[in-house]
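*Asks:* What follows is a structure written as structure tokens; I'll ask about it next.
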Amino acid sequence: MKIIKKINNNVAIGLDGHGREAIVFGKGIGFEKMPYELKDLSKIDRTYYDIDERYIGMLNEIDEKIFSLVARMCDIAKNRIEDNLNPNLVFILADHISFAVTRYQKGMNVTLLYSYELEYEYPEITKIAKWFIKNINEKLKVHLDKGEVTSITMHFINAMEGSNKHNHAKATDKTSRIIRNVTKIVEDYFNMILDKNSFNYFRFKNHLKYFVQRKERNEEFTDSNLDLYEGMKEKYHETYECVSKIEEYLFQEFNEKCTHEELLYLMIHVNRLYTKEDCNRKGITPEK
């Protein structure tokens, strides 16, 4: 295999014998001067094909221990799901878990409600998601709450590419419209143009999608984090003002106010997007 581009010391982009591009994992695989021919294929731990290039930069943000754990669990989960899964799933889940663990460690716990409706519709996927979170909690010494099971279930459902997904597909026009309008609010408020092809925006868009899906299913967040909400509101006043405009718009869409927990969720993700996009434009490496 020809290794053509370094991502970090243990991850690189390579070309296999058929000229297909892959993300290659292996200890020290990105250490050599590029490009080079990797003759000892036993150094390769795993390869991923057909990965959206927006996920590549993300690999330097995620702890290798978390990615490795998520990757192993995804391998097991794939054998239990009778459907093809989007190859990007492992990267999406690793990013989700990484951020959830970071929030937990910083005491920024956004309490998500557990969806019994989703469990009824997708019992096997929910069972896998429960096992997923149980392992994360045990291996990483954290306590992600039961609502994260629903989040992982939704990630799996959205990654299903075959008939199972199509049989249960929901109309996406409203979700797409809301994402476009919320994006416009963020851009107008911060006087910036978001790079729609960047991973930061791609990640933000995914979080908005799941937020809207929960609202559509009447699965609101709990309203138990008032102190954290007030703290975020005071510390990130600009972000709060932006989210207040988003809240006004969402009221028009759903005819109900957002809970403090929902606003906290939006503040966390808007602030994360704004910070990373602003740092990218200034050539600064943001704090994780």
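The values are calculated or read from the model by the stated rules, or taken from the named source; none is laboratory data. Fair warning: this is a prediction, and the values are worked out from it, not measured in the lab. Don't worry about glycine lacking a Cβ; one is built from the backbone with ideal geometry, like all the others, and counts go over all protein chains shown.
*Asks:* List the residue pairs whose Cβ atoms are under 7 Å apart, where the first residue sits in the stretch 187-202 and is free of Cβ contacts under 8 Å to residues at least 24 places away in the same chain, the second is part of a helix (DSSP H, G or I), and the two are 6 or more positions apart or on different chains.
*Replies:* Within 7 Å, the pairs are 193/187.
*Asks:* Within the stretch 18-65, restricting attention to residues that are under 28 Å from residue 96 (Cα atoms), hydrophobic (A, V, I, L, M, F, W, C) and in a helix (DSSP H, G or I), which residue is modelled with the lowest pLDDT?
*Replies:* Residue satisfying both the conditions and the ranking: 58.
*Asks:* Turning to a different aspect of this structure: Quick one: residue 128 ticks every box in (1) buried (at least 19 other Cβ atoms within 10 Å of the Cβ); (2) within 22 Å of residue 265 (Cβ to Cβ) except a single one, so which number is it?
*Replies:* (2)
*Asks:* Out of all the residues in the stretch 225-264, which are in contact with a His (Cβ under 8 Å, 6 or more places away or on another chain) and either surrounded by 15 or more Cβ atoms within 10 Å (Cβ to Cβ) or not in a helix (DSSP H, G or I) (or both)?
*Replies:* Those that are in contact with a His (Cβ under 8 Å, 6 or more places away or on another chain) and either surrounded by 15 or more Cβ atoms within 10 Å (Cβ to Cβ) or not in a helix (DSSP H, G or I) (or both): 225, 229.
*Asks:* Right, another one. Taking only the stretch 132-152 into account, find how many residues are over 11 Å from residue 112 (Cβ atoms), in a helix (DSSP H, G or I) and either of a type in the set (Ser, Thr, Tyr) or without any contact (Cβ under 8 Å) to a residue 40 or more places away in the chain (or both).
*Replies:* Number of matching residues: 4.
*Asks:* Being in a helix (DSSP H, G or I), closer than 24 Å to residue 217 by Cβ, of a type in the set (Val, Ile, Thr) and in contact (Cβ under 8 Å) with a residue 12 or more places away in the chain is the requirement here; does residue 97 meet it? Please lay out each step first, then the result.
*Replies:* Numbers: in a helix (DSSP H, G or I): yes; closer than 24 Å to residue 217 by Cβ: yes; of a type in the set (Val, Ile, Thr): yes; in contact (Cβ under 8 Å) with a residue 12 or more places away in the chain: yes.
So residue 97 fits the description; yes.
*Asks:* Anything in the stretch 26-52 that is without any contact (Cβ under 8 Å) to a residue 40 or more places away in the chain, within 28 Å of residue 203 (Cα to Cα) and of a type in the set (Phe, Trp, Tyr)? List them, or say none.
*Replies:* 49
*Asks:* Which of the residues that make up the stretch 49-103 are of a type in the set (Asp, Glu) and either surrounded by fewer than 19 Cβ atoms within 10 Å (Cβ to Cβ) or on the phi > 0 side of the Ramachandran plot (or both)?
*Replies:* Scanning the stretch 49-103 gives 50, 52, 53, 61, 63, 64, 75, 82, 83.
*Asks:* Can you find a residue that is of a type in the set (A, V, I, L, M, F, W, C) and over 18 Å from residue 274 (Cα atoms) anywhere in the stretch 229-238?
*Replies:* no
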